[in-house]
1. Taking only region B:361-409 into account, find how many residues are of a type in the set (Lys, Arg) and within 8 Å of chain A (Cβ to nearest Cβ).
2. Being among the acidic types (Asp, Glu) and in contact (Cβ under 8 Å) with a residue 24 or more places away in the chain narrows it down to one of A:Asp305, A:Asp289, A:Asp221, so name that one.
3. When you go through B:Val142, B:Val152 one by one, which is the residue that is under 15 Å from the mean Cα position of the chain (by Cα), at pLDDT 95 or above and of a type outside the set (Lys, Arg)?
4. Taking the conditions exactly as written (more than 7 Å from chain B (Cβ to nearest Cβ), of a type outside the set (S, T, N, Q), at negative phi and more than 24 Å from the chain's Cα centre (by Cα)), does A:Glu76 satisfy them or not?
5. Being surrounded by fewer than 23 Cβ atoms within 10 Å (Cβ to Cβ), free of Cβ contacts under 8 Å to residues at least 24 places away in the same chain and under 30 Å from B:Ile154 (Cβ atoms), is that true of even one residue in region B:334-350?
6. Here is a list of conditions, (1) closer than 21 Å to A:Gln131 by Cα; (2) among the acidic types (Asp, Glu); (3) at pLDDT 95 or above, and A:Glu325 meets all of them except one; can you say which number that is?
7. Which residues, counting only those in region B:191-208, are among the charged types (D, E, K, R) and under 17 Å from B:Asn172 (Cα atoms)?
8. Just to verify a result, which residue in region B:331-360, among those that are out of contact with any Gly (no Cβ under 7 Å at 6 or more places or on another chain) and within 10 Å of chain A (Cβ to nearest Cβ), is nearest to B:Ala160 (Cα to Cα)?
2 protein chains.
Amino acid sequence: MPTIITPKPMSGFPELLPAEQIVFNRCLDTVRRTFELFGFAPLETPAVERKEVLTSKGGNEKEIYALSRLAARPDEDASTEYALHFDLTVPLARYVAQHKEKLVFPFRRYQIQKVWRGERPQAGRYRELYQCDIDVIGRGSVSLLADAEMPVVIYHVFTAMGVGPFVVRLSNRRLIQGFFESLGLSPEQITAALHAVDDLEKIGVDKVRALLVDKAGLSPDSAARALAFIASSEHMGTEALLGHLASLNLNERFNQGVAELCSVVQNMRSLGMPDNAFKVDLSIVRGLDYYTGTVYETRLLEHPDLGSVCSGGRYDDLASYFTTEKLPGVGISIGLSRLVLRLLEAGVLKPNAATPTQVLVTTLDPSRLREYLGIAASLRAHGLPTEVYLEQARIGDQLKYASRKGIRFAVIAGETEFAQGQVKVKDLSSGFEHVLQPDQLPAWVKEQR
Amino acid sequence: MPTIITPKPMSGFPELLPAEQIVFNRCLDTVRRTFELFGFAPLETPAVERKEVLTSKGGNEKEIYALSRLAARPDEDASTEYALHFDLTVPLARYVAQHKEKLVFPFRRYQIQKVWRGERPQAGRYRELYQCDIDVIGRGSVSLLADAEMPVVIYHVFTAMGVGPFVVRLSNRRLIQGFFESLGLSPEQITAALHAVDDLEKIGVDKVRALLVDKAGLSPDSAARALAFIASSEHMGTEALLGHLASLNLNERFNQGVAELCSVVQNMRSLGMPDNAFKVDLSIVRGLDYYTGTVYETRLLEHPDLGSVCSGGRYDDLASYFTTEKLPGVGISIGLSRLVLRLLEAGVLKPNAATPTQVLVTTLDPSRLREYLGIAASLRAHGLPTEVYLEQARIGDQLKYASRKGIRFAVIAGETEFAQGQVKVKDLSSGFEHVLQPDQLPAWVKEQR
């Protein structure tokens, strides 16, 4: 007898039962299908990168899991040069720098993979999670049209996924930087001010005001003007706001930001984005200094505490740590694990069956096994996920098995049916039974769906 | 300027260009769709397990990657309790033991995930690879019918994937054990003899004969009889072989193995498995002592050096390290990374396009952007993966972009077309051009595919 190791859940590493896994996979499929609909090509990088690749930018060491070989000799260094990626942006940068001579630009790629974060897990935070990223990367430049596509892709993904009401909020970093420049701030002050504004939703307007004065060195009057400027987007419609911004004419950078924002909004609409699915929101700045133009966040209106479920923006230089060539781009990332697990908890996404099986061929009479297996083969040949009840059990138990797994149709055939060259099919969702010839079965089942 | 880290390939961690990735993903989809067609439910376990779970069985420590936090304080232990899984069987065992009260049995699950192996990579071996597993698990027992399903699933997967000619070879461990018992061997001798036979293909008949005599302690005569017995399956047809085996009547265990093998073959045929896709091969024993009945291997006839690309078998007890409850089952595992990468190299699987995009909407006249974006939106609304050419470029360069990415259709519209309320669509594979109304475009493109 081996020693029994009692399995227990691992904090931060989500694991689902089959019915939930089916919902999760359906969401992954929706993301993937939508990304492909917009012409993004699949990319998958290894889960591991060289450590120096992951630490190139600095600041993430705390959350990186390094790999070592478990069984090293005592005199041997077990550590390896590898670690698990913590996002998909660094691997993308490394990939594009490494393979750029073989890629066609603008390079449009999606990447749906797990990432790992070695932090102490807090409520609702994961150590292993799925990210779903798209980016459009150029050599030297990328059209602002790509910035307009991103919210449209988000809109299609979340609509198809059925996540409930949501809004893509967008702004432009140049615009807000230009605004702070117009208040006479230095670049260092602007960085501090942007970080303060980024926390607006989390800490509230009074604390941000204090940060603007104490950390960023704004005068109380400038801080008030900045907060009023940012708040202006809250109560103005898109047209009015864009018109107002265009009229301010604060400086060149500000004006460029406004012009970019107007262009992005206009092209989003041409791409079919409805007005109620997006909002210009000047409080969106994204903390990362990496972003240089358009920035996005996405909120579920009924789950504001989830924060942004899809964020991103425009950057000037994707891979500055891996190549001297300028590779600007724009991208977004969906934090799928957190989103889907929350929506499962909240009952917005509902598990249904615990199996893809649509038809269970029961085995009422074991001597007729060959016929049962043949019926299953014919249903599968028509693309219908089918199981044969493999064990010996009473028909009642076989139907109970189907119900428990959420299988909708059961095929039942005994002496009576075989004598007439027919089979009975039962719709377990309605209790309705139908008798037909075996070769009519696939078409009949397909019709019912 | 940051220091540039020049990215370089990581040995054993395969990475593909988009066109190859599309082929790889198509193979993954084929596996998944086929597994679901047979009613296997999706399961995904975390990439990491607790170390003691992975080492429960022993013997795999060398290939396990353990996780540690990269940035630990000097006084802090950076090591964690986690390591990356090296296969999907141990996680399945842990999962079923942990969640068995919430699962419906027989539990039919598939699992398509990456696994990691911290070995020194040799040619063609990977440190990160995809495995695609199916298993049917019972509480207490599982019908032998499940053993018959496995080769049929393999047959459907590899046929749909287009891997070229292949044969599923199968045998039964009870049968071969019974045979060795009939020679008067002890259980220890039988284990040694089975390990010797397992190497037959790799080291040849003479070396196996030597092992049988020197390691397993068979007399030269017994060794010769064993090798003749095993060789008998090489030149006999399935019917003749099964008849011959049934006539031998060596002992109870042998007879049970023969009866099981006969039943599996018969039910495979009822499930539609053609005779040329399988072969009873008495040299198949699978090294693992874990298997107790039916065993499978799968060879590509034109790539014998790949070894078995899909193996598995029947086991008595899945999760003996994690629960005292007996959980017998049967399963197979496809080593997808090695298989697909080899078939790509060999040209059996051919990359085609570097993007899922089927239609490129060119932007001949930037003042007509709104119309171009609208055309793209309408193609997408009809499910057609569509890109708009985002940059400013001459039409010739735009078409070159489409060709380089393998996009088949290009929509072109300038003054002439707009004046007539029409667009031109060019099939880049044939050069054929067609002029039509924009609303006819989606249907036309779908017809051409």
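The values are calculated or read from the model by the stated rules, or taken from the named source; none is laboratory data. Worth saying up front: this structure is predicted, and the values here are computed from it rather than measured. Quick reminder, even Gly has a Cβ in these numbers, built from the backbone with ideal geometry, and neighbours come from all protein chains shown.
1. The total comes to 4.
2. Answer to the selection: A:Asp289.
3. Being under 15 Å from the mean Cα position of the chain (by Cα), at pLDDT 95 or above and of a type outside the set (Lys, Arg) holds for just one of B:Val142, B:Val152, which is B:Val152.
4. In short, yes.
5. Yes, there is a match, as at least one residue in region B:334-350 is surrounded by fewer than 23 Cβ atoms within 10 Å (Cβ to Cβ), free of Cβ contacts under 8 Å to residues at least 24 places away in the same chain and under 30 Å from B:Ile154 (Cβ atoms).
6. (1)
7. B:Asp198, B:Asp199
8. B:Gln358
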